[in-house]
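What follows draws every value from the coordinates through simple rules; no lab data is involved. What you are looking at is a predicted structure, and each value in this text was computed from that prediction instead of being measured. Using ideal geometry, Cβ is built from the backbone for each residue, glycine included, and neighbour counts are taken over all protein chains shown.
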Amino acid sequence: MSVRRLELTDFRIFRGARFVPEPEGTTVVTGRNGTGKTSVLEALAYLGTRRSFRGAPPEALVRSGAERAIVRAELDNPDSPSLVEAEIVPSGRSRVQVNRKAARGRADLAAAAPSTVFSPEDLAIVGGPPKGRRELLDETLALVDAEGARAVDEVERVLRQRGALLRQAGGRAGPDVVGTLEVWDQRLADAGKILLAARERLVAALEEPVAGAYARLAGAEGAEGAEVVRLRYVRSWSGDLQAALAASRADDLRRGVNTVGPHRDDLSLAIDGRDARTHASQGEQRCLALALRLGIHGLVRAKTALVPTLLLDDVFSELDPARSRALVAELPAGQSILTTASPLPEGIQVARVLTVTELQAP
């Protein structure tokens, strides 16, 4: 899979822009900070995930004064070229189409425009709240597990409907409310069981490649006493999910929110038995965040026919020289797009260099 062309209309600071990267090898986008380099990668990643990897809301993605933003990309895939288009509306319903047809779910979208993103924001995956780690798992399921990806979509739909009912109930458990909650609880339990199994399988499959990538990035592969990385999926409830939902119903109604379910679970990351979120240095956290991305990229390539485009957002500015060299050695073959405001470390073979100003339409 490779990106042939990207076109932006009213996306972020761009009134119009056109980007044509090399289909193989590394394309570098340069320019001063604040000129839109990251926005190019953000637009590409949005097409495969329908969200900003920077955590920005839709209104932040639309140029000031514009009603909507359009992101359009032509991609080569193993079967035939594809066209992926997104319309981002700040106060309305945004949509994404694949070959002029509405994307049916996150698995179809991820397969149409797969990418792996490395960015400074990845530090929050390790050191931040559970939401970022859950999103990482669910984005990966979209690439490697269609059933799991469908369960993610279903769980999100049910949680929205159940949450709306809880808010409307205002703390009152009338017969109609209880009856409807029982229906949503059954649907959430059914989809949650599938999602739980898919996430747990994914975490088990990721542990070895992530641990290996971490050891290589840290320069400790094969060394005696090297730090060991462990991944563990942590449920937010015990026992049967449907029983847990029933037990939490009174609290849910009182608070007006869904307090139990896969949306409260977490991914535990440990380095030599230490919780990486609270007991790892910033350098260790950054190394682990990169290792997670590399492990996911390798797993996708090993288990599917997809070859995600690598998107590297100024990552070398956050790494010391040794880890920069180690990351260069870890980068797999294929298309990669890299942004930088400073010189690149030695060892990167560059296929094309473009400035941000060269991308902007006249």
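For the chain, what is the charge dipole size about the Cα centre, in debye to the nearest 20, if Lys and Arg each add +1 at the Cβ and Asp and Glu each add -1 at the Cβ?
The calculation lands at about 1060 debye.
Expressed in nm to one decimal, what extension gain is obtained for the pair R4 and T278 from 0.36 nm per residue of sequence separation less their Cα-Cα distance? Let's see the in-between values first.
Working: separation 274, 0.36 × 274 = 98.64 nm, distance 4.18 nm.
Separation in residues times 0.36 nm, less the Cα-Cα distance, equals 94.5 nm.
Share of Cα-Cα pairs in segment 204-331 beyond 21 Å, in percent? Mind dumping the intermediate values first?
On the way: 4298 of 8128 pairs.
When all Cα pairs of segment 204-331 are counted, 53 percent exceed 21 Å.
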A convex hull over the alpha carbons of segment 29-91 yields, per residue, a volume in Å³ of 100
When only C-alpha pairs under 8 Å and at least 6 residues apart count, what is the relative contact order of segment 117-252, in percent?
-> 23
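Taking GluC sites (Glu not before Pro) as candidate sites, keep only those in a DSSP loop with at most 10 other Cβ atoms within 10 Å, then name the longest stretch of the chain containing none of them.
Details: sites that count: E224, E346.
With a cap of 10 other Cβ atoms within 10 Å, the longest stretch comes to 1-223.
Given a Förster distance of 45 Å, report the FRET efficiency between A333 and V183 from their Cβ-Cβ distance, rounded to the nearest 0.05. Numbers along the way, then the final one.
Values: r = 50 Å, r/R0 = 1.11.
That gives a FRET efficiency of 0.35.
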Rounded to the nearest 500, the 222 nm mean residue ellipticity computed for the chain from DSSP H runs (n ≥ 4, each -39500 (n - 2.57)) alone is -14500 deg cm²/dmol
What percent does the relative contact order of the chain come to when contacts are Cα pairs within less than 8 Å and at least six residues apart?
-> 26
Segment 96-166-segment 339-360 distance, computed between alpha-carbon centres (Å) | 30
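Would you please give the FRET efficiency between A173 and K303, computed as 1/(1 + (r/R0)^6) with r the Cβ-Cβ distance and R0 = 45 Å, to the nearest 0.05?
Values: r = 45 Å, r/R0 = 1.01.
It comes out at approximately 0.50.
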Under 30 Å Cα to Cα from K303, which lysines show up? Leave out anything in the same chain fewer than 8 places away.
-> K101, K131, K193
So for the chain, taking the charge dipole from beta-carbon charges (+1 Lys/Arg, -1 Asp/Glu), which of S238, L299, G25 sits furthest toward the positive end?
-> S238
Note: probe point = Cα of E207 + 7 Å toward Cβ; backbone nitrogen < 13 Å; residues of segment 247-278 passing the test are 268-273
Along each of the three principal axes of the Cα atoms of segment 268-362, give the extent in whole Å, ordering the values from largest to smallest.
-> 53, 34, 27
For segment 260-310 and segment 38-61, distance of Cα centres in Å | 20
